[in-house]
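The values are calculated or read from the model by the stated rules, or taken from the named source; none is laboratory data. Predicted model only: the values in this text are computed from it and were never measured. We place every Cβ from the backbone using ideal geometry, glycine too, and count neighbours over all the protein chains shown. The accessibility values were calculated without ligands, DNA or RNA, using every heavy atom of the protein model including side chains. Shrake-Rupley method; radii C 1.70, N 1.55, O 1.52, S 1.80 Å.
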Amino acid sequence: AKPSQGAAPQSRLLTLPLQKQYVPLHHGGSLMAYRTSYFGEISVGNVNGTRQIFRVVFDTGSGHLVLPSSSCRSPTCAKHQRYSRVAPANNEAGPQDGALRINFGTGEVRGEFAKDTICLGFANAACVNAQMVVADEMSESPFSGFDFDGVLGLGLVPLTLGSHFSIFNQMAAQLPHLLQPYFAFFLARNDGEQSVISFGGYDPKWAASEVQWVPVVMPEVGHWMVQLSGVRVGNEVLDECADGGCRAIFDTGTNLLGVPKQAARTLQRLLARPLPAGVVDPDTDCRAVPGQRLHFDLQGGPSVSLDEEDYSRPRPFNLTIPNSTLGWELYCRSLLLSVDRAPPLGPRVFVFGEPVLRKHLAVFDWAQKRVGVAASGRPPVVAMADANGDANYKNVSAGASVPRRPAIGT
């Protein structure tokens, strides 16, 4: 498993399958888009006693392990596996009453601290003692709409209350003989293929090009953030980033491409396109309608490029066009998340969520604080032994299918 040069013979690659779930979003009876999530299993509890299995999103955009508590009785918590506290945590790193609130992009939890043994997967392959947050309040969004129970944050230590709350930091400290300080994400392009997160490195077959490394900038803010030397739509340079002052955060918990609020309108305009002449079907799949490529030039590294199928809304919009024959035209538009972040992260910051990660292998180097990027290669094949014999580990779509049609107008 790369990177492995100089690693101890005991070092290994631990690969966990991820399940993908779709939740359709409708407006006025029409399908507008899908919300998606990827999650895998961990176990929590004494390895020699009773353990509980949880499905979690492995999220580089947050820092804590957050699980619903058995004391949470809300409908949102009731639909999930809930954690039964065994031993209280040392809360010296947090508020004196041991309680806190954590904000996610689309939700919030309120909880208390707990300390327990946390294992990746179900087998005792990689277990650490660490602190976590057990939630007695969870917002309806996003936790009610998806099947995952909680979130395992893989952001840098500054995103946590302290190093003992960072699961991967504890893995690096407690298991240096077992795992190298890397983890990687491979998100499958198609639903028939497997998505995974790996700990300890990555399989070279997952990369179709050389992994190129870019340093994390401002690691003190806790995000896997890199500098962009420029952004282009086709051959047109985005003025807002022409001076090399834009940045991008790799966020595995986000299912959209996030763009700076000040650049959102320009990008929407540059990426919009009408349906080809003669095509008037309002159910046309815009992801198959040719459009401009969107390029992000990583400073000191490769360019990350997205195609129309990566950034488009599924269905076209009916726009009034005064000088057209019918007075209206069907236009394909991009599905972008407007990001309005205050300094030091913002305001000119992009968020590399699922659209980027489904086209690129991303490797996170905990020790050197850098991100490796390569074009996605062959999808992983996870042995049933790695999946603990659970058929639910297959990459399935839950809630709705996502149709793929031949390219239109080519």
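With respect to Asn395, is the statement that it is at pLDDT below 95 and touching a Ser or Thr at 6+ places or on another chain (Cβ under 6 Å) true? Don't jump to the end; show me each part of the working.
On the way: at pLDDT below 95: yes; touching a Ser or Thr at 6+ places or on another chain (Cβ under 6 Å): yes.
Yes, satisfied.
Within the range 119-142, is even one residue in contact with a Phe, Trp or Tyr (Cβ under 8 Å, 6 or more places away or on another chain), of a type in the set (D, E, K, R) and modelled with pLDDT of 70 or more?
no
I'd like to check something: does the range 300-318 contain any residue that is over 27 Å from Gly222 (Cβ atoms) and open to solvent by 60 Å² or more (accessible area, probe 1.4 Å)?
Yes: the range 300-318 contains one or more residues that are over 27 Å from Gly222 (Cβ atoms) and open to solvent by 60 Å² or more (accessible area, probe 1.4 Å).
Considering the range 333-362 alone, what residues qualify as being in a strand (DSSP E or B) and within 13 Å of the chain's Cα centre (by Cα)? Reasoning before the result, please.
Looking only at the range 333-362, we keep the residues that are in a strand (DSSP E or B), and these are 334, 336-339, 349-352, 360-362.
Answer for the range 333-362, where residues must be in a strand (DSSP E or B) and within 13 Å of the chain's Cα centre (by Cα): Val351, Phe352, His360, Leu361, Ala362.
Of all the strands (runs of 3 or more DSSP E) wholly in the range 26-78, which have at least 1 residues that are open to solvent by 50 Å² or more (accessible area, probe 1.4 Å)? Explain how you work it out, then say what you get.
Working: elements: 30-44, 52-59, 65-68.
Filter on the range 26-78 gives 30-44, 52-59.
Could you list all residues from the range 213-267 that are under 18 Å from Ala342 (Cα atoms), charged (D, E, K, R) and assigned to a strand (DSSP E or B)?
Arg247
Of the conditions (1) open to solvent by 20 Å² or more (accessible area, probe 1.4 Å); (2) at pLDDT 95 or above; (3) of a type in the set (Ser, Thr, Tyr); (4) within 23 Å of the chain's Cα centre (by Cα), Thr266 clears all except one; give me its number.
It is condition (4) that Thr266 fails.
With Gln194, Gln212 as the choices, which residue is farther than 19 Å from Gly301 by Cα and polar (S, T, N, Q)? Give the steps one after another, and end with the answer.
Numbers: Gln212 fails: farther than 19 Å from Gly301 by Cα.
Result: Gln194 is the single residue among Gln194, Gln212 that is farther than 19 Å from Gly301 by Cα and polar (S, T, N, Q).
Could you check Ala367 against (1) open to solvent by less than 20 Å² (accessible area, probe 1.4 Å); (2) modelled with pLDDT of 95 or more; (3) of a type in the set (Gly, Ala, Ser) and say which number it fails?
Result: Ala367 fails condition (1) only.
So, in the range 234-263, of the ones that are free of Cβ contacts under 8 Å to residues at least 40 places away in the same chain and either touching a Lys or Arg at 6+ places or on another chain (Cβ under 6 Å) or among the aliphatic types (A, V, I, L, M) (or both), which residue ends up surrounded by the most Cβ atoms within 10 Å (Cβ to Cβ)?
Applying the filter and picking the extreme gives Leu238.
Can you tell me how many residues within the range 82-112 are modelled with pLDDT of 90 or more and either within 30 Å of Gly258 (Cβ to Cβ) or open to solvent by 10 Å² or more (accessible area, probe 1.4 Å) (or both)? Full working, then the answer.
Looking only at the range 82-112, we keep the residues that are modelled with pLDDT of 90 or more, and these are 82-83, 112.
Next, from what is left, pick out any that are either within 30 Å of Gly258 (Cβ to Cβ) or open to solvent by 10 Å² or more (accessible area, probe 1.4 Å) (or both): 82, 112.
The number of residues fulfilling the criteria is 2.
What pairs come out if I take residues in the range 287-314 that are among the β-branched types (Val, Ile, Thr) and modelled with pLDDT of 95 or more and pair them with residues that are open to solvent by less than 10 Å² (accessible area, probe 1.4 Å) and part of a helix (DSSP H, G or I) whose C-beta lies under 6 Å away, six or more apart or interchain?
Qualifying pairs under 6 Å: Val304/Val356.
Is it the case that Val211 is more than 18 Å from the chain's Cα centre (by Cα) and open to solvent by less than 50 Å² (accessible area, probe 1.4 Å)? Break it down into steps so the answer makes sense when it comes.
Details: more than 18 Å from the chain's Cα centre (by Cα): yes; open to solvent by less than 50 Å² (accessible area, probe 1.4 Å): yes.
Here the answer is yes, as Val211 does meet what is asked.
What are the pairs with Cβ atoms under 6 angstrom where one residue, in the range 128-146, is under 12 Å from Val23 (Cα atoms) and the other, located anywhere, is in a strand (DSSP E or B)? Sequence gap at least six, or different chains.
Pairs that qualify, where the first residue is under 12 Å from Val23 (Cα atoms) and the partner is in a strand (DSSP E or B), are Gly145/Val23; Phe146/Gln21; Phe146/Ser37.
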